[in-house]
Amino acid sequence: MSGDHARAAQLLASLAGTQPQQTDLARKALSEAISAGDMQLALSLAPAVPAAKLPVDARLLLVTEEIKRRHPERAVQWLAPAGGSGDLRELAPLITAWMAAERGDQQGALAAFDQLPARSLLAPIEAEQRAFVLLKFRRTGTRNRSPVRRSAALARVKRGCGSPSPTPSLPPATAPGR
């Protein structure tokens, strides 16, 4: 459908409510609700769609909702591939890391990041997430041996994006016009 997604979502949701056996109607209403930005309606429609038929965007919405409700273990379950929709398990180490951090398990949290493939979707933010975990544990560093800097440097090396040097060498700054 094109045009007014909010109106289409409402109409399809009403129709799906009268025909609960028609899961395709609920799925279409769910997609339209997400397109319209009506997450409450989308969340209310999700249970009417079998997990194997949920589109990726609906599964991501459910992951987000479970994390907001402080049930990250349930969120991870929505990442597994369902039916013909995509595999989102690549996001699991990030959720697992923060679950461990919330339990006070610093080693487990940092080890979860080691599960990320070098060319992961999360690779660009891995160093920052490691640093945030270290900050959570108040491990910001001592002298020049900062665990945050070391973590960031190791993540860059793992991705093939630089040397393990904790401080990148930058060219000298020049004033404009010189």
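Coordinate-derived values only; no laboratory data. From a predicted model like this one, the values you see are computed outputs, not experimental measurements. Here the Cβ is made from the backbone with ideal geometry for all residues, glycine too, and neighbour counts use every protein chain on show.
Taking amide H positions as modeled 1.01 Å from N, with prolines and chain starts lacking one, no residue 5 or more places away or on another chain lies under 5 Å from L54. The trypsin sites (Lys or Arg not before Pro) found in region 71-132 that occupy coil by DSSP, while having at most 11 further C-beta atoms within 10 Å, are R103, R119. Evaluating 6.51 cos²θ - 1.76 cosθ + 1.60 at θ = phi - 60° for every residue in region 116-129, the Karplus couplings come out as 6, x, 4, 9, 6, 4, 8, 3, x, 10, 4, 4, 5, 5 Hz, glycine and proline recorded as x. Here K28 is the anchor, and the aspartates and glutamates within straight C-alpha reach of less than 18 Å, apart from those fewer than 8 places off in the same chain, are D4, D38, D57. The charge dipole of region 5-60, taken about the Cα centre with unit charges on the Cβ atoms of Lys, Arg (+1) and Asp, Glu (-1), comes to about 80 debye, rounded to the nearest 20. Rounded to the nearest Hz, the phi-derived 3J(HN,Hα) couplings of region 11-17 under the Karplus curve 6.51 cos²θ - 1.76 cosθ + 1.60 (θ = phi - 60°) are 5, 5, 5, 4, 5, 5, x, where x marks glycine and proline. Other residues within the sphere of radius under 11 Å centred on the Cβ of G108, judged by their own Cβ, net out at -2 (K and R +1, D and E -1).
Footprinting exposure proxy ranking of F132, F113, fewest other C-beta atoms within 10 angstrom first, gives F132, F113.
Applying 1/(1 + (r/R0)^6) with R0 = 25 Å to the Cβ-Cβ distance of Q106 and R69, what FRET efficiency is obtained, to the nearest 0.05? Walk me through the numbers before you get to the answer.
On the way: r = 24 Å, r/R0 = 0.98.
Approximately 0.55, to the nearest 0.05.
Coupling constants for region 72-82 follow from the phi torsions by the Karplus curve (6.51 cos²θ - 1.76 cosθ + 1.60, θ = phi - 60°), and in residue order they are x, 5, 6, 4, 4, 4, 6, 7, 5, x, 10 Hz; glycine and proline get x. In a shell of Cβ-Cβ distance under 12 Å around A48, excluding A48 itself, what net charge do Lys and Arg (+1) and Asp and Glu (-1) give? Net charge in that neighbourhood comes out at +2. With all pairs of separate Cα atoms included, region 44-134 yields a Kirkwood hydrodynamic radius of 13.8 Å.
For region 98-143, what does the convex hull of the Cα positions come to per residue, in cubic angstrom?
On the way: hull volume 3.6 nm³, N = 46.
So the per-residue hull volume is 78 Å³.
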